[in-house]
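This report concerns only the one structure given below.
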Amino acid sequence: MLLVARGLRAFVDGYVAVLLPAYLLALGFGTWEVGLFSTTTLLGSAVATAAVGSWGHRFHHRQLLLAAAFLMTATGLSFAGFSAFWPLLVVAFVGTLNPSSGDVSVFLPLEHARLAGAASGVARTTLFARYSLIGALLAAIGALASGVPDLLATYGVGRLTGIRCMFVVYSVAGVLVWFLYRRLPGRGSNVRPDPPRALGRSRPVVVKLAALFSIDAFAGGLAVQSLMALWLFQRFDLSVSAAGTFFFAAGLLSAFSQLTAPRVAARIGLLNTMVFTHIPSSLALIAAAFASRLDIALGLLLIRAALSQMDVPTRSAFVMALVTPQERAAAASFTAVPRSLAAALSPSLGGALFAAGWMAAPLIACGALKIAYDLLLLKSFRSVVPEHLDGT
């Protein structure tokens, strides 16, 4: 049920990340406002994730997931119905929209905690890889679906109306996700014998990881998918349909690269897999910032897509293996919160730089900061073998 729900959420997130800037521009907002909306959505996700980390252990995961699915439904309907700046901004904060290609929502720590209890060691890494693969693959298909409003326009449906219809589909996906979560085992089942609890002895290592992850997230916020779509729109005058096709191809590369992540991690370790696939992807992003031709820029961004997400399943497995089973939900939340907060700060900065005409600056800063994060992570945890610490 969790994997199917992840796929549904990824599909609608995939086209929302591409359509969100086009929708806001069509409503008359500028590039800075696009960045501000991305910041607001990520900040709201951070607040919700912080609440889960602080108080979520008092409730069963199933209850929290059901509440999040209900909120997802309300978010889609609200974005389809509102046009004014402030109502949309409020919905962006309290809702579940995701302007990035990855999952930064409140769903993530709750689903990770349940997945972590289903396997251990290499099998857990493989499970997280499947979870990430489904997300990346369906997000890629969703990006391709961002061309639906243009298709509807050929049948006389206004472009703005077509985009609003896609937000209605987003709300329908929330309803389907709610029904999937209802089928999860409840509090009375034997699936989770260890009750969740707040962070205890795992706190020092989780705090260190959270600090490092925040650097990576701040950097990533400068180049979230919505801003990359905006960059392609303004730098190369790319159409929404063409951008959707590109993000579909990039998503496919990201998805299938995650299939190899567990195999690579089994050979060189979780940490080395995270670091030594990340650095080349950052270099490709920096090079794309200087590309003067569309084909070169897209080629470099595809190279980045083929490498940049291999750390996603390994990072999740790394965190889950470093903490006790009872602390996994709290650890997932507390490592996700700084990521969301840091990522929330940078999209508005990226949008401001775009508005000022510094089109290359956000991409260069993103790549440089990510390389710094990788080197710091390697230095801090290179002596740690998480598989030996699992459950101790």
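Once R0 is set to 56 Å, what does the formula 1/(1 + (r/R0)^6) return for the Cβ-Cβ distance between S383 and L77, expressed as a FRET efficiency to the nearest 0.05? Efficiency computed from Cβ-Cβ geometry: 0.65.
Helix 159-182 and the longest principal axis of the Cα set of the chain meet at an angle near 20°. Descending by average beta-carbon neighbour count within 10 Å, the peptides 269-276, 150-157 line up as 269-276, 150-157, the highest first.
How would you classify segment 200-258 from its alpha-carbon gyration tensor, with a ≥ b ≥ c the square roots of the eigenvalues: rounded for a/c under 1.5, else prolate if a/b is greater than b/c, otherwise oblate? Judged from the Cα gyration tensor, segment 200-258 comes out oblate (a/c at least 1.5, b/c at or above a/b).
Expressed in units of 2.2 N^0.38 Å, where N is the residue count, the Cα radius of gyration of segment 249-383 is 1.14.
Our coupling estimate for segment 302-314, obtained by passing each phi through the Karplus curve with A = 6.51, B = -1.76, C = 1.60 and θ = phi - 60°, is 5, 4, 4, 4, 6, 10, 5, 9, 5, 7, 5, x, 5 Hz, Gly and Pro reported as x.
Extent of the chain along its three principal axes (Cα atoms, max minus min coordinate, largest first): 59, 43, 31 Å.
Quote the FRET efficiency, to the nearest 0.05, computed for F29 versus V157 with a Förster distance R0 of 25 Å and r equal to the Cβ-Cβ distance.
On the way: r = 22 Å, r/R0 = 0.88.
Taking R0 as 25 Å, the efficiency between F29 and V157 is 0.70.
If only the Cβ of Lys and Arg carry +1 and only the Cβ of Asp and Glu carry -1, the dipole of the chain around its Cα centre is close to 980 debye.
For R293 and A51, the difference between the fully extended length at 0.36 nm per residue and the C-alpha to C-alpha distance is 82.6 nm. Simple spin-label estimate for A211 and F256 gives 4.1 nm between the two label positions (7 Å along the Cα-to-Cβ direction from each Cα). Distance distribution P(r), segment 236-277, all Cα-Cα pairs, bin width 5 angstrom from 0: 6, 21, 19, 14, 12, 10, 9, 7, 2 percent.
Grab the beta carbon distance between L3 and A356, set R0 = 56 Å, and tell me the FRET efficiency rounded to 0.05.
Numbers: r = 43 Å, r/R0 = 0.76.
The formula returns an efficiency of 0.85 here.
Since every read-out is calculated from the coordinates, none of them should be taken as a lab result. All values reported here derive from a predicted model rather than from experimental measurement. Positions of Cβ are backbone-derived with ideal geometry, glycine not excepted, and every protein chain shown enters the neighbour counts.
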